[in-house]
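Each remark here refers to the structure printed beneath this line.
The values are calculated or read from the model by the stated rules, or taken from the named source; none is laboratory data. Quick caveat, the model's predicted, so the values are computed rather than measured. Ideal geometry is used to build each Cβ from the backbone, glycine not excepted, and the neighbour counts take in all protein chains shown. To get the accessible areas, we keep the full protein, side chains included, count just its heavy atoms, and leave off ligands, DNA and RNA. Shrake-Rupley method; radii C 1.70, N 1.55, O 1.52, S 1.80 Å.
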Amino acid sequence: MKPIRVGLLGLGVVGGGTYAILERNREEISRRAGREIHVAMAAVRDVDLERAREKTAGRVALTTDPQQVVNSPDVDIVAELMGGIHPAKELVLQAIARGKHVVTANKALLALHGNEIFKAAHERGVMVAFEAAVAGGIPIIKTLREGLTANRIEWIAGIINGTSNYILTSMRDRGVSFSEALKEAQSLGYAEADPTFDIEGIDAAHKLTIMAAIAFGIPMQFERAYTEGISTLTAEDIRYAEEFGYRIKLLGITRRTARGIELRVHPTLIPERRLIANVDGVMNAVLVKGDAVGTTLHYGAGAGAEPTGSSVVADLVDITRMATADPGNRVPHLAFQPDQMHDDVVLPVAEIETSYYLRMRAFDRPGVLADVTRILADLGISIEAMLQREPAAGEERVDVIMLTHQTVERQIDQAIAKIEALDSISGPVTRIRLEPLGPV
Ligand code: NDP
Ligand code: HSE
């Protein structure tokens with residue numbers, strides 16, 4: 001059988017990893033796919049031409065014009081591994097219009113424009129595969145779309161950004177500063193072109209948006225995701241959390257509730273005995289709760305050249321196997337048949353339900369704690385644990401930390417506003433959400 005011909009848009013970290021795997025494992029991949037998968041062409045920028053020539057040992061036709069890859073009659077599958085929205089979106093839509101299958105690692109593109117892209121692909125009868133877009137090397141898309149297809153998914157919670165997990169782990173275990181840890185993550189090829197996507201939770205929200213669509217059969221709704229990153233986390237909160245027996249991780253959480261769907265990314269306290277609390281460095285982990293299977297945990301490298309390349313190649317093999325199948329008999333892009341998607345409500349963050357870590361600076365005088373606990377009690381918020389530090393020498397104020405039981409976020413917003421208005425409280429109250437995430 002003739003080889004299937006791939007055109008790469010981008011030969012950077014992921015493109016390079018993909019190419020290296022296809023070269024090294026060429027024979028085994030062909031035995032699995034039933035045909036050879038051959039990189040026919042790659043588009044790179046001017047400045048990259050020489051490096052790209054070395055990477056591919058002159059075996060791949062190189063161009064600085066990505067249109068040439070998309071329009072080439074010698075390309076059957078376009079792998080968009082360049083990132084960003086423009087011109088990636090136009091190139092993907094153009095490839096689809098030309099009847100080419102697409103593989104992409106671009107979660108930003110799918111979270112923002114996936115509805116349009118999948119519609120175009122469905123109408124043209126081509127596949128758009130995106131395993132590499134979520135959790136790097138973990139086959140979580142295939143798991144959600146196929147392996148867990150029997151289940152009504154109840155919730156997903158995951159560490160889905162390698163860079164921020166690498167930063168948090170490096171700060172905690174090696175005492176590295178935030179900016180130093182970020183630099184390391186960038187030099188290892190983990191970070192996005194704009195690293196604020198990583199540290200402000202935006203990249204995780206892109207990935208969560210994609211998983212929620214597949215899990216619940218809803219359209220991509222990135223604009224409704226609540227997003228909070230790790231840049232405001234302090235070393236003292238990390239230390240206090242540990243005194244209570246918790247670790248702080250940046251989690252993406254999506255949950256089906258009777259009132260709508262929660263879709264949120266934020267730093268989260270997790271009991272340290274949970275496996276996911278011990279997922280460190282660039283590793284990612286995704287917990288999925290299905291009604292039939294129970295809670296499952298999926299773990300692996302969340303970023304990097306070959307882990308991500310592993311997912312890209314898996315998609316190339318899938319497409320190679322399925323290319324001749326009737327489009328109506330393929331696995332739907334978003335797990336549910338396109339006419340069976342529901343536009344369920346995504347809840348505003350004020351409506352989510354979770355537990356909270358609250359830290360406040362209080363003047364060390366009688367009645368202060370009583371005032372705070374009264375405010376919480378009046379709003380129906382019960383306290384699970386409390387810690388008050390001795391004041392340092394010459395210091396009148398003490399740190400008070402409280403863990404609450406589960407409540408609606410709106411109630412906590414009100415409580416925080418009232419606590420901050422007390423004369424006996426100095427400065428803002430720090431709030432970090434807490435999830436028990438049992439039983440794994
Ligand atoms: P890189 O910056 O390493 O690679 C992107 C490549 O595309 C570069 O070679 C870049 O050239 C090239 N490129 C960008 N724009 C153009 C253009 N207009 N014309 C031709 N070439 C272009 O990024 P990554 O490989 O890290 O990321 C690629 C995609 O994969 C992104 O969507 C990212 O979010 C996603 N991803 C990345 C992961 C990772 O671990 N790095 C993991 C999972 C997904 P130049 O270098 O000159 O800018
Ligand atoms: N910047 C991303 C991360 C790449 O650090 O997780 C993988 O999607």
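FRET efficiency for the pair R152 and T324, taken as 1/(1 + (r/R0)^6) with r the Cβ-Cβ distance and R0 = 41 Å, rounds to 0.80. Using a probe of 1.4 angstrom and keeping all protein chains present, the accessible surface of the chain works out to 42 square angstrom per residue. Taking the DSSP beta bridges with both ends in the chain, the antiparallel portion is around 70 percent. Any idea what log10 I(q)/I(0) is at q = 0.11, 0.13, 0.17, 0.26 Å⁻¹ for the range 353-434, Debye with uniform C-alpha scatterers and no solvent? Each listed q corresponds, in turn, to -0.26, -0.36, -0.61, -1.38. For the chain, the dipole from Cβ point charges (+1 on Lys and Arg, -1 on Asp and Glu) about the Cα centre works out to 1140 debye, to the nearest 20. Charges were assigned to the Cβ only: +1 to each Lys and Arg, -1 to each Asp and Glu. The resulting dipole of the range 56-171 about its Cα centre is roughly 140 debye. Globularity index of the range 44-131 is 1.11 (Cα radius of gyration / 2.2 N^0.38 Å, N = number of residues).
Remark: the R24-A385 segment gains 124.5 nm on full extension, using 0.36 nm per residue and subtracting the alpha carbon distance. Calculated mean residue ellipticity at 222 nm for the chain: -10500 deg cm²/dmol, from DSSP H runs with n ≥ 4 weighted as -39500 (n - 2.57), summed, divided by the residue count and rounded to 500. Normalised Debye scattering of the range 140-301 at q = 0.11, 0.20, 0.21 Å⁻¹ gives log10 I(q)/I(0) of -0.43, -1.30, -1.40, counting only Cα atoms as equal scatterers and leaving out solvent. K183: which lysines have alpha carbons under 20 Å from its alpha carbon, excluding same-chain residues fewer than 8 sequence positions away? Excluding near neighbours in sequence, the set is K249. Taking only C-alpha pairs under 8 Å that are 6+ residues apart, what is the relative contact order of the range 353-434 in percent? Once divided by the residue count of the range 353-434, the mean separation gives 50 percent.
Working ranking of peptides 209-218, 61-70 by packing, defined as the average number of other Cβ atoms within 10 Å per residue, highest first, is 209-218, 61-70. Computed over the alpha carbons of the chain, Rg followed by Dmax gives 23.9, 83 Å. Shown for the chain: the carbon plus sulfur share of the solvent-accessible area, taken with all protein chains present and a 1.4 angstrom probe, equals 50%.
Toward the positive end of the charge dipole of the chain, about the Cα centre and with charges on Cβ (Lys, Arg +1; Asp, Glu -1), which of V126, M322, A362 goes farthest? Comparing the listed Cα positions along the dipole, M322 ranks first. Highest mean packing comes first when the peptides 121-130, 29-38 are listed by Cβ atoms within 10 Å, giving 121-130, 29-38. Approximating the spin labels as points 7 Å out from Cα along Cα→Cβ, the R51-to-R32 distance works out to 2.8 nm.
When only Cα pairs below 8 angstrom with a gap of at least 6 residues are kept, the range 85-236 shows a relative contact order of 24 percent.
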